[in-house]
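Trainee: What follows is a single structure, and I will ask about it in a moment.
A short reminder: the numbers here are calculations on the coordinates, not readings from a lab. Nothing here was measured: the structure is a model prediction, and the numbers come from that model. Cβ atoms come from the backbone with ideal geometry, glycine included; neighbour counts cover every protein chain shown.
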Amino acid sequence: MTEPHLDELEQQEQSLSAARRRLHDVIDFVRAGSPSGRSPQGEQLRYLEGKERELSGRRRVLHGLIDALRGRR
């Protein structure tokens, strides 16, 4: 197994960050139209928030790998 290059990890992190920002825009839009958690928008909101947690977790892992590689330089 080859070690990932720092540039590749940074590109992945930038891509995840961009996806997370877009997802936050959608979440904000859904929240604006969802007065309660019981509406169909509430179900959509819970799904989107779960996706955001997933993306955030993947991003934290990438940050750890990037930090570790930078520490070796």
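Trainee: Between the helical axis of 40-72 and the dominant principal axis of the chain, each derived from Cα atoms, what acute angle in degrees is found, rounded to the nearest 10?
Mentor: Approximately 10 degrees, to the nearest ten.
Trainee: Tell me the volume per residue, in Å³, of the convex hull enclosing the alpha carbons of region 6-72.
Mentor: 65 Å³
Trainee: Only four residue types carry charge here, +1 at the Cβ of Lys and Arg and -1 at the Cβ of Asp and Glu. Report the dipole size of the chain about the Cα centre in Debye, rounded to the nearest 20.
Mentor: Values: 14 positive and 12 negative charges, 46 e Å.
The dipole of the chain has a size of about 220 debye.
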